[in-house]
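First the structure, in the form of C-alpha cells, and then the observations on it.
The values are calculated or read from the model by the stated rules, or taken from the named source; none is laboratory data. Source: prediction; values computed, not measured. Reconstructed Cβ throughout: ideal geometry from the backbone, glycine too, with neighbour counts over all protein chains shown.
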Amino acid sequence: MRIFFSVGEPSGDLHAANLIRRMRQEDPEIECVGLGGPKMAAAGCGLVRDLTTLAVMGFSQAIVHLREFFRILAEAEAYLDAHPVDAMVLVDFPGFNWHMARKAKRRGIPVFYYGVPQMWAWAPWRVRKLRRLVDLAICKLPFEPEWFASRGCQAAYVGHPFFDQLSSQTYDESFVAGQVEECGPLLLLLPGSRNQEVSTHWPILRTAAELCLREHPNLRVAVGCFRESQFEQIDRELRDAGSPIRAHWNRTPELMRAADVCLACSGSVSLELMYHQLPTVIVYRVSGLMNLFKNLFLRCRYITLVNLMASESIERTEWKTFWPDAPGAADVPMPEYLTPRDCSRELAQQVSGLLSQPEELERRRDWLGRLKQQFAIPGASARAAELILDRLGGKSAIRRVA
C-alpha cells in the first residue's frame, strides 16, 4: 500500500511524521511518499519535495512563491501519474492542499484531510469544496465533527496530536525548581512564534508587564522566545533599558510549569497553556482593515481554541466580536483581546486582578484542569492511523482509545 502525503508547514511535518510512524508500526509494508519536511523523512517518508521550506504567512508572501508552488504541483502530479497511490493524506496548508485534493480526486484516489481548515471560523462556504474533494475529515477539535457532519461531510474526531507531543515531553527540572524557588509570583510573556507576530505583540506585552510591575513590585517577569534571533533582539532591548524583565530561549515549557500567570499572543500555544493549567490572558492585534473584515466575516464566538472548547456553542451571535471587559461578557477560561489598538492597559488590569485575587487564580487553574482532563488525551496519531487504515481495508490492530 502506498500513501501520498502533502504537508506544507513545520507543525504539520511533526504531526504527519507521528502519523507515519504509527502506520508503519501497524503495517511495515506501507510505503509513505509525498511532499513534506525533515521530520517526515526521518519517519520513513520518501520526499518528492520538501514543501515546508516554503511555509508562508499572508497573501503577499504566497504571491512571491506562486511560481514555485505551481512547479511543485507539477512534480507531484507527475509522480501520481507514474506511480499507483492508494490514498492521499493532506495536513493543514489549505491553499496548496486544495489543489492536491483535486488532482487526487481526478485520479480516483481517496483523500483524507488530517487537521481540517478552520472553516467554522471564517468563510464557511468552503465546506462545499471539502464535501466534494475529501472522503474523510479527520478532526483535531471536539466541536468540529458535528459542524462538518451537519453540512454533509464525513468527519471523525481523534483529538489533537499536540497532546501526544506534550505527554512525552521532558523538562529541565533543575531550571523549573530554580524558578519556583525564587521570591515573588512569575508572569510569563509569550509574544508569538513568527517574527511578524513578535514585532506586533512584544511592545504591547512589555508595556502591560511594566504596568503590572508598578502595582506588584515583587512580580517577576520572563519572556519565552521561540527563535534564538528573537531572543537576542528582545534580550538586548531589555538589557539596554535596564529592565528587570528577563528573556529566555528554548525554555518555554519549563517557564509554563513555573509561572503563575501568562500573557500570550493567540495561537495553538493556548492548548499547551491549558495542558499546564496556567491562567492566561490572550491578545491578537490586527490592522484596522482586518478589524473590519473580522467583524464582517468571523463566524466563531472566540479566537482562542481553549475558549471554543469550553463553550457550549462556537457560533458567533453578536455583531461585535468578544471583548472580555464589556458589560455582560461571557466568562471564559482565557480572556482574549482581538483588537486593532494597543490594549496593554486592559491586559495589565486582567493580570493584576488575578494576582490580587488568589481564589480567582485558583478557579482558573481548576477550570483549565477540567478541560485538560476532558480534551488533552494523547493517542491522536494512533486513532488517525486506525481510521485511515480501516477505510482502506488495511491492517488495523491498534487498540481503540475511547
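Since Leu361 meets every condition but one in (1) over 22 Å from Leu189 (Cα atoms); (2) surrounded by fewer than 19 Cβ atoms within 10 Å (Cβ to Cβ); (3) not small (Gly, Ala, Ser), which condition does it not meet?
Of (1) over 22 Å from Leu189 (Cα atoms); (2) surrounded by fewer than 19 Cβ atoms within 10 Å (Cβ to Cβ); (3) not small (Gly, Ala, Ser), only one is false for Leu361: (1).
Looking at Gln118, Gln169, which is the one that is within 16 Å of the chain's Cα centre (by Cα) and modelled with pLDDT under 95?
Gln118
Of the residues in segment 148-178, how many are in a helix (DSSP H, G or I), surrounded by 19 or more Cβ atoms within 10 Å (Cβ to Cβ) and in contact (Cβ under 8 Å) with a residue 40 or more places away in the chain?
Matching residues across segment 148-178 total 3.
If Val198 satisfies every condition in (1) buried (at least 20 other Cβ atoms within 10 Å of the Cβ); (2) hydrophobic (A, V, I, L, M, F, W, C); (3) not assigned by TED's automatic domain parsing to the domain that holds Val351 but one, which is the exception?
For Val198, the failing item is (3).
Does Gly328 count as assigned to a helix (DSSP H, G or I), over 30 Å from Arg21 (Cβ atoms), small (Gly, Ala, Ser) and over 23 Å from the mean Cα position of the chain (by Cα)?
Spelling it out, it is not the case that Gly328 is assigned to a helix (DSSP H, G or I), over 30 Å from Arg21 (Cβ atoms), small (Gly, Ala, Ser) and over 23 Å from the mean Cα position of the chain (by Cα).
Filter segment 294-339 for residues that are over 22 Å from Leu361 (Cβ atoms) and acidic (Asp, Glu); which is surrounded by the fewest Cβ atoms within 10 Å (Cβ to Cβ)?
Looking at residues that are over 22 Å from Leu361 (Cβ atoms) and acidic (Asp, Glu), I get Glu312.
Given the options Val221, Val286, name the one that is closer than 17 Å to Gly192 by Cα and modelled with pLDDT of 95 or more.
Among Val221, Val286, only Val221 is closer than 17 Å to Gly192 by Cα and modelled with pLDDT of 95 or more.
Of all residues in segment 14-44 being in contact (Cβ under 8 Å) with a residue 60 or more places away in the chain and in a loop (DSSP other than H, G, I, E, B), which is nearest to Phe69 (Cα to Cα)?
Ile30
Inspect all residues belonging to segment 344-352 and state whether any of them is surrounded by fewer than 20 Cβ atoms within 10 Å (Cβ to Cβ), of a type in the set (Ser, Thr, Tyr) and assigned to a helix (DSSP H, G or I).
The answer is yes, given that some residue of segment 344-352 is surrounded by fewer than 20 Cβ atoms within 10 Å (Cβ to Cβ), of a type in the set (Ser, Thr, Tyr) and assigned to a helix (DSSP H, G or I).
Could you go through segment 181-191 and let me know if any residue there is in a loop (DSSP other than H, G, I, E, B), acidic (Asp, Glu) and surrounded by 12 or more Cβ atoms within 10 Å (Cβ to Cβ).
Within segment 181-191, not a single residue is in a loop (DSSP other than H, G, I, E, B), acidic (Asp, Glu) and surrounded by 12 or more Cβ atoms within 10 Å (Cβ to Cβ).
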